[in-house]
Structure formats: structure tokens, C-alpha cells
Amino acid sequence: MGMTYEQYRARVDSAHRIVFFGGAGVSTESGIPDFRSTDGLYNTKYDEPPETILSHEYFMTSPQKFYRFYFEKMICLSAKPNRAHYTLAEWEREGKLTAVVTQNIDGLHQAAGSKNVFELHGSTLDNRCMRCGKSYSREDILRDRPSVPYCECGGMIKPNVTLYGEALPAAAVDGAIEAIRSADMLIVGGTSLSVYPAAGFVNFYRGAPENLILINKTHIDGFKNQLNGKIGELL
């Protein structure tokens, strides 16, 4: 079932503890492809599917192939925050929004000014040596492309992103659950809600059912209150 923009706006106006839960669709308006659209990563031509390449096992056994894909498809230095990112940052400054929970790894929420961001899948901006733990920026590891980046100690550098087969970061999980539990409105945006365990976080919402809202380009069955369209415009 849909809802009108006027109904949505009235509910936003009356909310005081909004949490936004977002996926890849939030960043597509910044020029970052999502995974499941017609031109997304799952429809590009590689020897192996992205689920295989972006796995812990593949990273450990085929780091050269992993980084070839990672440098080409997962890092977009030209991407800038869009209207969705800036609107959420503004709501936080106004004291209306308490947290952003994101499945994205691009750091665009922080670039727009958001402070309380829980990154369930990590970030491409942070990279760590697997031997000594030294931190490297995205620009640091890009200097080594297309080669595998190594630390000065000789250890291989790994992006601080959650790969398939890895556990979600505990601090981000705990913070996200607490924020969602205490929210009086949960806006879910730009996600197919098909990637678990992250998609299951919606179940921690305890607020009014009418304040659980989905904003997505396409309709998703089973979601009572939803607006379909560009998230930057609707936010």
C-alpha cells in the first residue's frame, strides 16, 4: 500500500527521533552503481560473480583479482553527497534525526556532515594492515593499483569493509540496534531489503507502525507505508 507525500511530510514534521536506514539506492544519485539494478554490479561481466569476489575467502586466496575488481568497481573518488545525504545531515543538526544506519561503504553521509553514522558494512575510506594494524587511507592504497597494496611492514592491507563470510562490525551493530529501538520514526530508503543480516534490523523498530516508511524507486511487497521515486527528491 502506498501513501501520499502529504501524509509522509506530516509524519516527518511530527517526529522527534528519526532514524534513517539506507542502502545502495541512496548513493546511486551520486553516481555509485548499486548491486541489483539493470546496470548494477550483478549484471556486469566478470569471470566470477561479485558475491564470490567480495568474499573473505576470495580476498585471502586471490588478492590480485579481488583488488582488480575492488579498485575498478568499489571505489568512486568523484562521487559527492547528494540531496538525500545533505537532508539527513540537516535533520541531525536540527535535532530531529538521531542516527543514520547505512549498508553503504562510500562515506558520503559523513562527507555531507552527518555525525552519528553506523556503517554496517564498513568503509572504503579505512584500510588496515593485516599484520601490524596500521591504518591507510583510500588514496594510499590507490597508489598501488592495480597491484595488491602492502604495508611498510610487509603485511597485506585489507579494506575495512565487511566481506561475504565476515561478521558485521560489533560496535556498528550495537549502535544501530539501540538507535532503531529508541526511534519514533524509521525511514528505510534505497534498499531492496534482501541483504541479511542487515535487512533484519528493521525488525528492531518499536515505534508507531504508521511511522515505519519505505522510500524506494520500486515497490516492495509487504511494506505498508511506502513512497516510490527518487530518494533525494522525496527526502
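So here's what we get for this one:
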{"item": "Dipole moment magnitude, nearest 20 debye, the stretch 80-186 about Cα centre, only Lys, Arg, Asp, Glu C-beta charged", "result": "260"}
{"item": "Candidates per trypsin sites (Lys or Arg not before Pro) in the stretch 96-177, loop by DSSP, up to 11 other Cβ within 10 Å", "result": "K115, R143"}
{"item": "Within the accessible area of the stretch 137-214 (1.4 Å probe), percent carbon and sulfur", "result": "52"}
{"item": "DSSP-loop chymotrypsin sites (Phe, Trp or Tyr not before Pro) across the stretch 112-208, with at most 12 other Cβ within 10 angstrom", "result": "none"}
{"item": "Local electrostatic count, F66, Cβ distance below 15 Å [Lys/Arg +1, Asp/Glu -1]", "result": "-2"}
{"item": "C-alpha long axis of helix 83-93 to longest principal axis of the chain, angle in °", "result": "70"}
{"item": "Spatial separation of Cα centroids for the stretch 54-80 and the stretch 109-141, in angstrom", "result": "15"}
{"item": "Helix axis angle, 170-181 relative to the chain longest principal axis, alpha carbon, degrees", "result": "10"}
{"item": "Selected from L234, A176, G155, residue furthest toward positive end of dipole (the chain; charges at beta carbon)", "result": "G155"}
{"item": "Selection from S78, F66, G207 lying farthest towards where the dipole of the chain points positive, charges on Cβ", "result": "S78"}
{"item": "Accessible area expressed per residue, the chain, with surrounding protein chains retained (probe 1.4 Å, Å²)", "result": "49"}
{"item": "In order through the stretch 111-121: 3J(HN,Hα) via Karplus (6.51 cos²θ - 1.76 cosθ + 1.60), integer Hz, x for Gly, Pro", "result": "4, 7, x, 5, 9, 9, 10, 9, 9, 5, 10"}
{"item": "Listed residue pairs exceeding 29 Å between alpha carbons, taken from K65/K217; K80/K158; K65/K134; K73/K217; K73/K224", "result": "K65/K217; K73/K224"}
{"item": "Local net charge near E166, Cβ-Cβ under 12 Å (Lys/Arg +1, Asp/Glu -1)", "result": "0"}
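The values are calculated or read from the model by the stated rules, or taken from the named source; none is laboratory data. As the structure is a prediction and not an experimental result, all values here were calculated from the model. Quick reminder, even Gly has a Cβ in these numbers, built from the backbone with ideal geometry, and neighbours come from all protein chains shown. Each accessible area value is taken on the protein alone, full model and side chains, heavy atoms only, with ligands, DNA and RNA left out. Shrake-Rupley method; radii C 1.70, N 1.55, O 1.52, S 1.80 Å.
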